[in-house]
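Have a look at the structure below, then the notes.
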Amino acid sequence: MNKEIDPQDEIDVTNLLLNLKIMRENHCAGCGATICGHEALMSLVMGSKDTPRCWQCLSTALAYDREVLRDHLFALIARRSCYYAGWSWANQDEGFEKDACPNCLWPTLSTHDSSKQPILSSVVQDRTPTHDTDSKCDAEWDAGDMGCGDLVLDLRIRLQSLVPGQILKVLATDPGAKEDLPAWCRMTGNTLVASHHPAYLIKRKTIPGTDDVNICEHMKSNEISLTN
Ligand SMILES: [Zn+2]
Ligand SMILES: [Zn+2]
């Protein structure tokens with residue numbers, strides 16, 4: 001688990017915490033409930049900094065089981081120092097130990113278990129993308145060194161402007177992109193066709209139920225407002 005903040009990530013972390021605090025002031029874009037810092041972080045990781053959702057609404061929007069979404073997102077958060085800093089902040093802000101399973105997401109754990117480490121679930125494996133990032137694409141986007149939530153937010157919006165099945169070529173120099181982009185694609189049902197950092201070819205998902213449904217067994221063939 002990445003608990004140390006790389007000095008070069010410090011600016012990212014400062015921005016991330018600022019974003020989380022702003023997001024937490026908003027209400028869930030789905031049901032209007034107040035959201036906690038963990039829910040803000042989960043929304044940010046999914047590229048929904050602009051429309052944060054509570055845990056339930058985020059799960060519904062992505063057609064995931066709540067616990068599965070939580071475990072998958074936590075597995076990603078724990079590997080990324082900037083996200084993990086956000087997690088620790090939310091824990092402390094809500095009165096939990098830095099590394100605890102907070103009650104807001106693990107309501108079944110009794111209080112005396114709250115220092116228990118969350119179990120890192122293994123994220124469902126994607127098809128291995130090729131390295132041929134020079135192949136044909138429909139649009140290109142140079143994301144520069146954008147990272148920590150902003151990259152996936154812009155990516156989500158840019159993919160929405162494409163027709164399903166079209167391919168976006170992304171250039172993203174942030175080292176975290178190597179983790180973030182495959183994980184985001186896997187969880188949203190978009191296909192990472194090729195990756196050779198800093199280049200990534202991402203195919204916008206076709207209508208669910210056709211030839212290119214998400215490989216994740218938990219995705220349902222619903223229209224997903226978050227990613228369409
Ligand atoms: Zn909600
Ligand atoms: Zn919380």
Residues located in region 30-56, provided they are farther than 25 Å from PRO182 by Cα, in contact with a helix residue (DSSP H, G or I) (Cβ under 7 Å, 6 or more places away or on another chain) and either assigned to a helix (DSSP H, G or I) or more than 15 Å from ligand 2 (Cβ to nearest atom) (or both):
GLY30, CYS31
Do the conditions hold for ARG70, that is, is it of a type in the set (Lys, Arg), more than 16 Å from ligand 1 (Cβ to nearest atom), under 19 Å from ALA183 (Cβ atoms) and buried (at least 19 other Cβ atoms within 10 Å of the Cβ)?
no
Counting only residues in region 192-228 that are surrounded by 22 or more Cβ atoms within 10 Å (Cβ to Cβ), out of contact with any Pro (no Cβ under 7 Å at 6 or more places or on another chain) and under 16 Å from LEU62 (Cα atoms), the one modelled with the lowest pLDDT is identified as ASN214
Any residue that is closer than 17 Å to CYS148 by Cβ and touching a residue at least 24 places away in the same chain (Cβ under 8 Å) - is there at least one of those in region 57-66?
no
Residue among PRO52, PRO129, PRO107 that is closer than 28 Å to THR173 by Cβ and modelled with pLDDT under 90
PRO129
Please count how many residues of region 155-193 are of a type in the set (Lys, Arg) and outside any helix (DSSP H, G or I).
1
Whichever residue in region 153-185 is among the charged types (D, E, K, R) and under 20 Å from ALA40 (Cα atoms) and, among such residues, is surrounded by the fewest Cβ atoms within 10 Å (Cβ to Cβ):
GLU179
Take region 17-47 and flag every residue that is at negative phi, within 14 Å of ligand 1 (Cβ to nearest atom) and surrounded by fewer than 24 Cβ atoms within 10 Å (Cβ to Cβ).
MET23, ARG24, ASN26, HIS27, CYS28, ALA29, GLY30, CYS31, ALA33, THR34, CYS36
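The values are calculated or read from the model by the stated rules, or taken from the named source; none is laboratory data. All values reported here derive from a predicted model rather than from experimental measurement. Cβ atoms come from the backbone with ideal geometry, glycine included; neighbour counts cover every protein chain shown.
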